[in-house]
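**Q** Pasting in a structure now, in structure tokens, and then I'll have a few things to ask.
The values are calculated or read from the model by the stated rules, or taken from the named source; none is laboratory data. Quick caveat, the model's predicted, so the values are computed rather than measured. Positions of Cβ are generated from backbone atoms using ideal geometry, with glycine treated the same way; all protein chains shown enter the neighbour counts. What goes into the accessible areas is simple: the full protein's heavy atoms, side chains included, and nothing from ligands, DNA or RNA. Shrake-Rupley method; radii C 1.70, N 1.55, O 1.52, S 1.80 Å.
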Amino acid sequence: MRWKLNTSAYKRVSSRDAAMDPDVETQAKMPSDGGGAGAGPSWRMSLPHVCVATLTSFLFGYHSGVVNEPLESISADLGFAGNTLAEGLVVSICLGGAFLGCLFSGSVADGIGRRRAFQLSALPMIIGAAISALTNSLEGMLFGRFLVGIGMGLGPPVASLYITEVSPPSVRGTYGSFVQIATCLGILFSLLIGTPVKDIDRWWRVCFWVAVVPAALQAIGMEFCAESPQWLFKCGRTNEAEMQFEKLLGPLHVKSAMAELTRSERGDDGESVKFSELFYGRHFNVVFIGTTLFALQQLSGINSVFYFSSTVFRSVGVPSSLANICMGIANLSGSIVAMLLMDRLGRKMLLAGSFFGMAFTMGLQAIGANRHHLGSASVYFSVGGILLFVLSFSLGAGPVPGLLLPEIFPNKIRAKAMALCMSVHWVVNFFVSLLFLRLLEQLGPQVLYTMFSSACVVAAIFVRRHVVETKGKTLQEIEVSLLQTQ
């Protein structure tokens, strides 16, 4: 069934009739430039909603880096100084919580809506940060960090869904890049907040208290944000979906937005999808693309570079604090450039180019590892290779998958498919990080870096062959075109 759009009211008609209705199709394909009845929706109306949503990415970045500088002080104050296993657990236990939160993010987002899912993700981050700030034991710190990890796993997939669903097609790529930029800002802010930790006693507790503020702001701010019209429509709450479209796009674009939304109803049986159904049938292809992209993203070695780059920098005489700042600046700079290019060059070009650049720069690191033949020149290959690798990653492989996948997933499976793909991301991230030092010791840096470089080449070829371009298309146009190719 489809909605036939009249000037005064919406009338229920069949999908076939609506598809043949010239008035509906004309409104659905209005040009997009920016103001009157024949113009596309303005980016200004949806911007505040997107900014509130990206607070969860800021928190993700902040909690990823908040223990880097204070870890030595934390271990001394809580009585586990010198215990490398305990120190590693404080850093990595978030991964376990994140996997758990991510695994249930799709069911939560579909069950209670995107807005309430954001608020739910803020809750463990507030409680976990408070416990970490107040604790006097290792067990308390681990429990607080685990709770924070649950929020870290739940929030980012919902953010990718929400931003994709509330953004006008003309700026959806730009807004999607906000996720990566917010993550970079969170990491840099955590490094800045952690700077006085060696000079001020128990400053690490302040670092955790600071994290409560953005989490509380998001929980409150979401009360004033729009709910996803796609989620409301999927739940049969059509009138509410129209109201949210008006809030996001303006009253002049409600009819065309509803027309586009109902176009994707063709071929949809309206029943909810189980996780098992993502592995077969007509949805398998897009889910395969999504899980493979996130797996290849982690197999590129990016998180190993993030986690262990300070060791490389220290070996050539560069302080770890300066190294972290340089990495953060490279990551942020590339993310800003990606934001500017996302809706100009398109997702596919940025993603393929990014992986090719990562392959080349990881090759530079492999060359730099041969210090016996290169001498002092190996420093430039190693340090330059790391910074250029991070820059290449932030230009495409970092921001694009989280934007592209919600675009290509049909509304019916979007939340659960994103949860599955992000779960793959966390699992591969965990095993690569776990095995990196062991493989580095057994294989040597040249062989291991060459393996990472090869994975980047495979990723670039995979993108060229399997990824579709979504630039400038509505979600419903993307969904219909993908269904037609199956």
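**Q** All but one of (1) open to solvent by 10 Å² or more (accessible area, probe 1.4 Å); (2) without any contact (Cβ under 8 Å) to a residue 24 or more places away in the chain hold for Ala241; which doesn't?
**A** Condition (1) is where Ala241 drops out.
**Q** Being part of a helix (DSSP H, G or I) and without any contact (Cβ under 8 Å) to a residue 40 or more places away in the chain is true for just one of Ile126, Ile163, Ile131, Ile150. Which residue is that?
**A** The conditions single out Ile131.
**Q** I need the full set of residues from the stretch 88-102 which are out of contact with any His (no Cβ under 8 Å at 6 or more places or on another chain) and at pLDDT below 90, in order please.
**A** Matches in the stretch 88-102: Gly88, Leu89, Val90, Val91, Ser92, Ile93, Leu95, Gly96.
**Q** Here is a list: Ala117, Ala130. Which entry is open to solvent by less than 40 Å² (accessible area, probe 1.4 Å) and within 19 Å of Tyr62 (Cα to Cα)?
**A** Ala130
**Q** Can you pull out the residues in the stretch 433-446 that are within 15 Å of Asn370 (Cβ to Cβ) and touching a residue at least 60 places away in the same chain (Cβ under 8 Å)?
**A** Gly444, Pro445, Gln446, listed by residue number.
**Q** Criterion first (aliphatic (A, V, I, L, M) and free of Cβ contacts under 8 Å to residues at least 40 places away in the same chain) does Val213 satisfy it?
**A** Against the criterion (aliphatic (A, V, I, L, M) and free of Cβ contacts under 8 Å to residues at least 40 places away in the same chain), Val213 qualifies.
**Q** I've got another one for you. Out of the helices (runs of 4 or more DSSP H) lying entirely within the stretch 356-451, which hold 1 or more residues that are acidic (Asp, Glu) and surrounded by 20 or more Cβ atoms within 10 Å (Cβ to Cβ)?
**A** Qualifying helices (runs of 4 or more DSSP H): 400-408.
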